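Below is one structure, written out as structure tokens, with a few remarks after it.
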Amino acid sequence: PLAAAMAAKRGTDEMRDRVVLGEFGVRNVSGGGAGRPLTAPAPLTAPPVCLPQVHTTDFPGNYPGYEDAWDQQRFEETFRVDVIREEEGTLEFDMVGIDAAIANAFRRILLAEVPTMAVEKVFVYNNTSIVQDEILAHRLGLIPIRADPRLFEYRNQGDEEGTEIDTLQFQLKIKCSRNPQAAKESSDPDELYFNHKVYSKHMTWVPLGNQTDLFPDADFRPVHNDILIALLRPGQEIDVLMHCVKGVGKDHAKFSPVATASYRLLPDITLLQPIEDEAAEMLQKCFSPGVIEIQNIKGKKVAKVANARLDTFSREVFRHEGLKNLVRLARVRNHYIFSVESTGILPPDVLVSEAIKILMGKCQRFLNELDSVPMD
């Protein structure tokens, strides 16, 4: 009975802490619950399919025999954020000790609720290019604008005219002409024409009201200068005025401040017994570079897990009969690796801090609602 109890505890501990990747399915994905993996009926020619663990718990993190009531002190002791890598426009960090619901809420806030400035209205005075007015306006709207949205207010719904506190104005005025100095035999448009390529660098900021005084050091412009907007030929021209307003990604994708915001669980790879010589070399090839290293111990090549974080879990190891039962692939349930890539409007570290403020505001509003509603 003691051995059985210890085995049951180990199984529950694994269920609590790990999501296990098997040959034909994933176990412990539910976030809790008792029971055994189910095997789905399958044709005789196909292998059995292991379905995810049955979810039988009241809430994520609730397991039979464990006291899982919320405890703030315990949360503060286990929760942490580790910045792993910060490069130009990209931030990778770990968020440890939270539930998947919170991690996903944070991701969705980054995608859809951190505000930015983007082109909302395009006033077309002249457009003789091949690009239709509607398509031109759509392309201009998707160009990321380097302007700190925290300096501006949201424009009131129904306002036709923008003001210096809620609108940025840009002008795009360009005309294509022939190059009289071009060689007669040339067929290169870059030699034959002037201004035949319209880039985002041709967009210029036109201050509204007293914006010159409000933002004396401002450098409002497109994030990238080399975004191609249209192609022109001699005599064709574009003359438009753009109004940029403050908005969020859930209203339109052009306001989203990130190119990607994603997370994954930390990989956990365990070698269940020593793997040596040819088997070690084969195991190394089954994983991403840097995951498995081979050490020379007493004249034998021995496999060792060097950096499981680099693995992408292709599950190639399950293709080899001699290896698939020697390795356990899992993911740490409460360890989230976030990757945030900014469009360049704001640095990724600023986006993360703004997302945290928005999440805190949501929590505070929810608490205020609870306080305002009388409880029977």
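The values are calculated or read from the model by the stated rules, or taken from the named source; none is laboratory data. Everything quoted here is computed from the prediction, not taken from an experiment. Backbone-built Cβ (ideal geometry, glycine too); neighbour counts: all protein chains shown. Heads up: the accessible areas ignore ligands, DNA and RNA and are worked out on the full protein's heavy atoms, side chains in. Shrake-Rupley method; radii C 1.70, N 1.55, O 1.52, S 1.80 Å.
Details
- Residue match in the range 254-276 (condition: of a type in the set (D, E, K, R), open to solvent by 70 Å² or more (accessible area, probe 1.4 Å) and part of a loop (DSSP other than H, G, I, E, B)): no
- Reported count of residues in the range 287-313, each being open to solvent by less than 20 Å² (accessible area, probe 1.4 Å) and more than 14 Å from residue 269 (Cβ to Cβ), is 0.
- Close Cβ contacts (under 7 Å, 6 or more residues apart or on different chains) running from residues in the range 357-370 that are assigned by the TED database to the domain that holds residue 101 to residues that are part of a helix (DSSP H, G or I) comprise 358/109; 359/105; 359/106; 359/109.
- Residue in the range 315-328 that is in a loop (DSSP other than H, G, I, E, B), free of Cβ contacts under 8 Å to residues at least 24 places away in the same chain and within 30 Å of residue 154 (Cβ to Cβ) present: no
- Within the option set 354, 341, 316, being open to solvent by less than 70 Å² (accessible area, probe 1.4 Å), modelled with pLDDT of 95 or more and among the charged types (D, E, K, R) holds for one residue only, 354.
- The condition of being under 30 Å from residue 351 (Cβ atoms) and either assigned by the TED database to the domain that holds residue 153 or assigned to a loop (DSSP other than H, G, I, E, B) (or both) holds for residue 249.
- Residue count, the range 177-213 (criterion: aliphatic (A, V, I, L, M) and either crowded, with 17+ Cβ neighbours inside 10 Å or closer than 18 Å to residue 227 by Cβ (or both)): 3
Every residue, every condition in (1) part of a loop (DSSP other than H, G, I, E, B); (2) within 33 Å of the chain's Cα centre (by Cα); (3) of a type in the set (Phe, Trp, Tyr), yes or no:
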| site | (1), (2), (3) |
| --- | --- |
| 157 | yes, yes, no |
| 169 | no, yes, no |
| 173 | no, no, no |
| 182 | yes, no, no |
| 186 | yes, no, no |
| 190 | no, no, no |
| 209 | yes, no, no |
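- All of 165, 135 fail the test of being within 24 Å of residue 350 (Cα to Cα) and assigned by the TED database to the domain that holds residue 240, apart from 165.
- Qualifying position, being loosely packed, with under 13 Cβ neighbours inside 10 Å and either free of Cβ contacts under 8 Å to residues at least 60 places away in the same chain or touching a strand residue (DSSP E or B) at 6+ places or on another chain (Cβ under 7 Å) (or both), among 132, 171: 132
- Of residues in the range 214-246 being within 27 Å of the chain's Cα centre (by Cα) and open to solvent by less than 30 Å² (accessible area, probe 1.4 Å), the one farthest from residue 135 (Cα to Cα): 220
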